[in-house]
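A quick write-up on the structure given underneath.
Bear in mind that the values in this text are calculations on the coordinates, not laboratory data. Everything quoted here is computed from the prediction, not taken from an experiment. So basically every Cβ, Gly included, is an ideal-geometry build from the backbone, and we count neighbours across all protein chains shown.
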Amino acid sequence: MSDLIEGYLGKTVEGKKSRVPAKLDYIQSATGLFLALFMWGHMFMVSSILVSKDFMYSVTKFFEASFIFDGGNPLLVSILALVIFIIFIVHAAMGMRKLPGNFKQYQVMKAHADNMGHEDTKLWFIQAFTGFAMFFLGSVHIYIIMTHSDAIGPYASSDRVWSEWMWPLYILLLLAVEFHGTIGLYRLAVKWGWFDGKDPKASRKRLKTYKKALTYFFLILGFATLAAYMKIGMEHADKAGERYVPSAKVMEYKINNGRVA
Ligand code: HEM
């Protein structure tokens, strides 16, 4: 009954307003923070290919817990991807509340932002645009990884990027995720006053510099990584599907004079 009264009047019988919007804002911030930090970790793991194929292979096997299961178990990666997917969907659902619902609302927001000429208000538009793009781009990637977790590795990933045409999607996803992630972290810090210090105006200026530096850093790292997967994928195109054999295994094979141990 109380819900019904609040639904019609916007206030409870005690004359109070719902705390749900504040709780949803908190969930949006918490899931956003988690995803942004996850993406930093993810970019470092994926960029292991820049060191060597063997190194990327070892990182993959580590996430498959090869130190527990002989040869690794990709199911663990599928479970991780599922957990990330659920958090991603919750974050997107919370973000949807902030998007304009019709053209009139969009027009009002746009006029307000143009009129204010305030950089942080403009950042909101980038967040809304990149967030919307990730509904589609992010979902495609996470679903493929979740259902093909056994096909991650120096050749399997490069074949997916090149021979299976993921590179155009990754270019767009990389741009969206890097802008969205660093702007999101900046906005979180400003919203919750994490690094306000004695002079919030000066700290906001400093935070903006960090934001810019982090965006450049992860974009350069990301595009260098993508270029590496594309190059390996191109060179491996006629043998697409064939899996990488780490150097240690090749040496073992040679020591055994071509006999499979
Ligand atoms: C547990 C979840 C995830 C796993 C295991 C994972 C794994 C991977 C792997 C192995 C690659 C290399 C290319 C390939 O194999 O296809 C990759 C690339 C990429 N992933 Fe993820 N990913 C996950 C979640 C995400 C999420 C949530 C996002 C952003 C929404 C994301 C964005 C990207 C981007 C942009 C690339 C291309 C990066 C580059 O080449 O620089 N991933 N991911």
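Numbers below:
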item: Residue range of the chain that is longest and free of GluC sites (Glu not before Pro) which are both DSSP loop and sparsely packed (at most 11 other C-beta within 10 Å); result: 15-241
item: GNM result for the chain, Cα springs below 10 Å: residue of VAL51, VAL90, VAL13 fluctuating most strongly; result: VAL13
item: Candidates ALA128, ALA111, ALA224: whichever shows maximal mean-square fluctuation once the chain is modelled as a Gaussian network with Cα springs under 10 Å; result: ALA111
item: Cα-based reach from LYS23 at 22 Å (exclusive), listing lysines while leaving out same-chain residues under 8 positions away; result: LYS11, LYS98, LYS191
item: Entries of LYS122/LYS205; LYS110/LYS205; LYS53/LYS231 with Cα pairs more than 21 Å apart; result: LYS110/LYS205
item: DSSP H segments from the chain that extend 18 Å or more along their own axis, Cα-based, with Kyte-Doolittle mean of -0.5 or above; result: 20-46, 75-96, 119-147, 167-192, 200-235
item: Whole-Å distance, taken between Cα centres, linking the range 130-158 and the range 69-103; result: 11
item: Residues of type aspartates and glutamates that LYS239 reaches as a straight line, Cα spacing below 20 Å, ignoring anything fewer than 8 places off in the same chain; result: ASP54, ASP150, ASP159, GLU164
item: LYS201 versus LEU99: modelled label distance in nm, points set 7 Å from Cα along the beta carbon direction; result: 3.7
item: For LEU185, net neighbour charge (Lys/Arg +1, Asp/Glu -1) across residues whose Cβ lies under 13 Å away; result: +4
item: Alpha carbon centroid spacing (whole Å) that separates the range 1-58 from the range 172-248; result: 19
item: Taking the chain and dividing mean pair separation by its residue count, relative contact order in percent (alpha carbons under 8 Å, at least six apart); result: 24
item: Gaussian network model of the chain, Cα within-10 Å springs - most flexible of SER29, SER66, SER158; result: SER66
item: Average Cα contact separation per residue, the range 1-126, under 8 Å, 6 or more apart, as relative contact order %; result: 18
